[in-house]
Amino acid sequence: MIHLRGDPLMGGFIFSLSCILGQIIPFVALSFYSTNTTVENKANPHEINIALLVLACCWGLSVIAFFGLINRKLIGSFYSTKTGAQSIILGFQFSDDPAVKTFMVFGFHSSFTESIKDEVIAYMHDNWAEWEQMQPAWFTPKFIASVGDEFIPGRALQQLNEAAIEAGDGARRRSSVLSVRVIFGKE
Amino acid sequence: MVSFDMDVSVANRKKSPDFYGLVKDTNLERIITFVVMMLLAAFHNLSRTIGVALLFAVSGSTTFVIMGAEMAVYIGFKVLRNDFVTFIPGLEGTLKYMVALVFHTVLKVVADYTGERKLFATKFASLTD
């Protein structure tokens, strides 16, 4: 469950808030339950209250033990207020590994990196020829198909289009763009 | 268990050091952390489940109002922060908002009530490919 705190998922702050809320809601529910007169065969609210208190205390002790056991430098990820886009952009800008950098851009929704699109285009244009020559493990046809035309240098794009035409596919087509119109065959 | 396995993965730690690496490296620390993580998830899920059961005992509509309000606050928070669209690449137009709504709803329910991580493991695992 703790991995749902990732910024592209729930985000650390709201994840932690949800966990705390998870301990408050049972007591709110108990107050509704104990004041409601329509419930049949009602259990003793006092006993339920004790059970909930014990559970909340055990949960609190587990939280203290967990934070005492883990690496302190990552505790910030539990109250991070970064959005998914901010997190992905930082991942792109601070990584030196092309596999990670390209994954940050093309492994996530394009809107995440829209604000640094020019920076990404420059990076891709600067390095595309080298990747074509070196053929790193991540530079696969699947990856290339996920890259938008604007991120590929003109000469390389022309070659890809020509290869696609020779293969009888028409111009190169991105493999992963989906919309309602595409699903229902309007495009 | 999925969270634990992903966190101790060397490849994950290398590629996302700001996220993976919560669990320390000695065997004893790993065993204790694993047990604590299991207990944490168990207590959390039990509290949540009892809370919902009590609300359902009162009335179904009260339950849906309270749970719905919590969900609405969560989704509203995401929308206000311009963080609603999900990370899933290639979605455009109305579809990206429809998928985002379903995604966030499922994500919140999963985080709140089950502790299940598998649904999201694939995306993070692909970091290690």
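Here are a few things to note about the model shown:
- Extension gain for A:Thr140 to A:Tyr79 (0.36 nm times residue separation, less C-alpha to C-alpha distance): 18.3 nm.
- Per-residue shielding of A:48-59, expressed as the average number of other chain Cβ atoms within 10 Å of the residue Cβ, stands at 3.
- Sequence-distant aspartates and glutamates (8 or more away, or on other chains) whose Cα lies within less than 18 Å of B:Lys108: A:Asp7, B:Glu70, B:Asp83, B:Glu116
- Peptide B:79-86 - average C-beta neighbours from other chains (10 Å radius): 5
- The protection proxy used here, the mean number of other Cβ atoms lying within 10 Å of each residue, ranks peptides B:20-30, B:5-15, A:38-48 as follows, highest first: B:5-15, B:20-30, A:38-48.
- Between B:Asn27 and B:Asp5, the contour length at 0.36 nm per residue exceeds the Cα-Cα span by 6.6 nm.
- Using θ = phi - 60° in the Karplus curve 6.51 cos²θ - 1.76 cosθ + 1.60, the 3J(HN,Hα) couplings for region B:23-38 round to 7, 6, 9, 7, 4, 4, 4, 5, 5, 5, 4, 4, 4, 5, 4, 5 Hz; x is entered for Gly and Pro.
- Ellipsoid semi-axes for region A:58-99, based on the Cα gyration tensor and the rule √(5λ), read 30, 13, 7 Å when sorted largest first.
- Cα pair distances of the protein assembly as shown binned at 10 Å [whole percent]: 5, 22, 28, 22, 13, 7, 2, 1
- Cross-link pairs exceeding 20 Å in C-alpha to C-alpha distance, out of A:Lys101/B:Lys15; A:Lys101/B:Lys14; A:Lys73/B:Lys14; A:Lys73/A:Lys117, comprise A:Lys73/A:Lys117.
- Averaged over B:59-69, number of beta-carbon atoms from partner chains that fall within 10 Å: 1
- Computed over the alpha carbons of chain A, Rg followed by Dmax gives 25.6, 77 Å.
- If R0 is 22 Å, the Cβ-Cβ spacing of A:Ala163 and A:Ala122 corresponds to a FRET efficiency of close to 0.30.
- Global geometry of region B:2-128, whether rounded, prolate or oblate, following the gyration tensor of its Cα atoms and the 1.5 cut on a/c: oblate
- Extended-chain gain in nm, criterion 0.36 nm per residue less alpha-carbon gap, A:Glu40 and A:Leu90: 12.4 nm
- Here the residues A:Leu55, B:Leu101, ranked from fewest to most Cβ neighbours within 10 Å of their Cβ, fall in the order B:Leu101, A:Leu55.
- With Cα atoms, 0 to 90° folded angle of helix A:154-166 axis to chain A main axis: 80 degrees
- For region A:2-78, convex hull volume per residue from C-alpha positions, Å³: 99 Å³
No value in this document is a laboratory result; all are computed from the given coordinates. Being a predicted model, the structure only gives us computed values, none of them experimental. Every residue, glycine as well, gets a Cβ built from its backbone with ideal geometry; the counts of neighbours run over all protein chains shown.
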